[in-house]
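Student: Have a look at this one before I ask anything.
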Amino acid sequence: MATVVDIAGLAIGFDNGPPVLADFTASLEARSFTAIVGPSGVGKSTLLRVIAGLLAPREGTVSAPFEPDPGRRPFALVFQEARLLPWRSILGNVLFGLERLHLSAGERRHRAFEVLELVGLADYAHRWPYQLSGGQRQRINLARALAVHPALLLLDEPFSALDAITRHTLQGELLRLWHATHTTILFVTHDLDEAVYLADRVIVLGGQPGARIIRDFLVPLARPRDRGSVGFADHVHQLRSALSDIMAGGEGI
Ligand SMILES: Nc1ncnc2c1ncn2[C@@H]1O[C@H](COP(=O)(O)OP(=O)(O)O)[C@@H](O)[C@H]1O
Ligand SMILES: [Mg+2]
């Protein structure tokens with residue numbers, strides 16, 4: 001399988017402070033779904049910002065053999081809260097991220113409707129953010145990220161503010177979108193059940209300050225996954241054990 005992003009020897013810190021991450025090395029395969037879990041404050045969000053190029057690392061490299069393409073962006077980052085612009089319609093919000101690409105107005109509109117269709121909210125194009133539920137807002141957030149056809153989609157606890165039922169629905173939606181768009185995903189979560197439900201691979205971070213990769217699991221369970229199965233519970237249990245080893249070192253999750 002082709003590698004989409006090669007992350008080698010990343011060390012990350014702020015100003016002259018202690019390192020947040022001491023060493024992070026991973027290759028992400030094309031079309032893979034990788035989850036990153038770890039205690040709160042371990043540096044998960046910071047890692048995504050470095051990978052997206054929003055923050056420079058102290059050491060190490062993020063290399064992505066992307067073909068330069070004026071109609072795509074290499075990365076799109078989705079946060080926990082939808083951060084929609086309240087003064088723009090839903091369509092306007094999706095178009096906003098497309099304005100920096102070299103596309104004609106017609107192409108931008110076509111792309112925007114394509115992704116709204118994909119998340120099942122094309123009928124909401126002319127509504128306003130305040131008229132949407134939390135789950136719908138997060139769907140728009142995903143649509144906005146997918147609209148730029150990112151080579152790597154980075155998601156930072158995107159469903160953690162949602163109620164359990166909506167969260168489960170959106171997890172299913174995300175898997176459908178992943179298949180439909182052939183995108184590569186790096187997904188940060190502190191929810192172990194969510195990591196095992198979604199990902200092919202789970203990377204556990206721990207050890208502050210100066211966190212590193214504590215475990216790197218594959219999740220070879222068939223899809224669609226059954227949360228009630230023994231195999232599923234076994235994977236969640238393995239993750240929980242890895243994390244309780246970290247927490248025995250005095251860290252909270
Ligand atoms: N802009 C910043 N300046 C200084 N320290 C920061 C900044 N952003 C994050 N940190 C620190 O980096 C560490 C990791 O934060 P973060 O990546 O948000 O953790 P996580 O997402 O795993 O909860 C924390 O100790 C946090 O206080
Ligand atoms: Mg975070």
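The values are calculated or read from the model by the stated rules, or taken from the named source; none is laboratory data. Treat the numbers as computed from the prediction; the structure is a model and nothing was measured. For neighbour counting, all protein chains shown are included, and Cβ atoms are generated from backbone atoms with ideal geometry for every residue, glycine included.
Student: So LEU54 ticks every box in (1) surrounded by fewer than 17 Cβ atoms within 10 Å (Cβ to Cβ); (2) touching a Phe, Trp or Tyr at 6+ places or on another chain (Cβ under 6 Å) but one. Which box is left unticked?
Tutor: If we test LEU54 against (1) surrounded by fewer than 17 Cβ atoms within 10 Å (Cβ to Cβ); (2) touching a Phe, Trp or Tyr at 6+ places or on another chain (Cβ under 6 Å), just (2) comes out false.
Student: Can you report the number of residues in the range 1-52 which are closer than 20 Å to ALA151 by Cβ, more than 11 Å from ligand 2 (Cβ to nearest atom) and not in a strand (DSSP E or B)? Before you say what the answer is, go through the steps one by one.
Tutor: So the first thing to find is which residues in the range 1-52 are closer than 20 Å to ALA151 by Cβ, and the list is 1-8, 10, 24-36, 47-52.
Retained after the next criterion (residues that are more than 11 Å from ligand 2 (Cβ to nearest atom)): 1-8, 10, 24-35, 50-52.
Next cut, not in a strand (DSSP E or B) only: 1-2, 30-32, 50-52.
Residues that pass the stated criteria total 8.
Student: Here is a follow-up. With the checklist (1) more than 13 Å from ligand 2 (Cβ to nearest atom); (2) touching a strand residue (DSSP E or B) at 6+ places or on another chain (Cβ under 9 Å); (3) within 28 Å of GLY134 (Cβ to Cβ) in hand, flag the one item LEU77 doesn't pass.
Tutor: So the condition that LEU77 fails would be (1).
Student: Something else: Taking LEU101 as the residue in question, decide whether it is out of contact with any strand residue (DSSP E or B) (no Cβ under 8 Å at 6 or more places or on another chain), free of Cβ contacts under 8 Å to residues at least 40 places away in the same chain, more than 20 Å from LEU155 (Cβ to Cβ) and of a type in the set (A, V, I, L, M).
Tutor: On the way: out of contact with any strand residue (DSSP E or B) (no Cβ under 8 Å at 6 or more places or on another chain): yes; free of Cβ contacts under 8 Å to residues at least 40 places away in the same chain: no; more than 20 Å from LEU155 (Cβ to Cβ): yes; of a type in the set (A, V, I, L, M): yes.
Answer is no for this residue.
Student: Next question, about the same structure. Search the range 31-66 for residues being within 8 Å of ligand 1 (Cβ to nearest atom) and among the β-branched types (Val, Ile, Thr), and hand back the single one that is modelled with the highest pLDDT.
Tutor: My answer is THR46.
Student: Can you give me the number of residues within the range 107-129 that are assigned to a loop (DSSP other than H, G, I, E, B) and under 13 Å from SER89 (Cβ atoms)? Walk me through how you get there before you give the answer.
Tutor: Step one: filter the range 107-129 for residues assigned to a loop (DSSP other than H, G, I, E, B), giving 119-121, 125-128.
Going one step further and asking which of them are under 13 Å from SER89 (Cβ atoms), we end up with 121, 125-128.
Total meeting the criteria: 5.
Student: Something else now. Give me a count of the residues in the range 80-104 that are closer than 15 Å to PRO129 by Cβ and not in a helix (DSSP H, G or I). Give the derivation first.
Tutor: Taking the range 80-104 as the starting set, the residues that turn out to be closer than 15 Å to PRO129 by Cβ are 81-97.
Next, from what is left, pick out any that are not in a helix (DSSP H, G or I): 81-89.
Residues meeting the conditions: 9.
Student: I've got another one for you. Looking at ARG225, ARG176, ARG240, which one is within 28 Å of GLU107 (Cβ to Cβ) and among the charged types (D, E, K, R)? Break it down stepwise before answering.
Tutor: Values: ARG225 fails: within 28 Å of GLU107 (Cβ to Cβ); ARG240 fails: within 28 Å of GLU107 (Cβ to Cβ).
Answer to the check: ARG176.
Student: Then there's this: So LEU91 passes all but one of these: (1) within 21 Å of THR183 (Cα to Cα); (2) out of contact with any strand residue (DSSP E or B) (no Cβ under 9 Å at 6 or more places or on another chain). Which condition number does it fail?
Tutor: Against the list (1) within 21 Å of THR183 (Cα to Cα); (2) out of contact with any strand residue (DSSP E or B) (no Cβ under 9 Å at 6 or more places or on another chain), LEU91 comes up short only on (1).
Student: Could you tell me which numbered condition ARG176 fails, if it satisfies all but one of (1) in contact with a strand residue (DSSP E or B) (Cβ under 9 Å, 6 or more places away or on another chain); (2) within 30 Å of HIS102 (Cβ to Cβ)?
Tutor: That leaves (1) as the condition not met.
Student: Answer yes or no as to whether ARG127 is of a type in the set (D, E, K, R), more than 14 Å from the chain's Cα centre (by Cα) and buried (at least 18 other Cβ atoms within 10 Å of the Cβ). Steps first, please.
Tutor: Working: of a type in the set (D, E, K, R): yes; more than 14 Å from the chain's Cα centre (by Cα): yes; buried (at least 18 other Cβ atoms within 10 Å of the Cβ): no.
It is false that ARG127 is of a type in the set (D, E, K, R), more than 14 Å from the chain's Cα centre (by Cα) and buried (at least 18 other Cβ atoms within 10 Å of the Cβ).
Student: From ALA151, ALA147, which residue is closer than 21 Å to VAL115 by Cβ, of a type in the set (A, V, I, L, M), surrounded by 16 or more Cβ atoms within 10 Å (Cβ to Cβ) and modelled with pLDDT under 95? Spell out how you get there, then give the answer.
Tutor: Working: ALA147 fails: modelled with pLDDT under 95.
Just one listed residue meets the conditions, ALA151.
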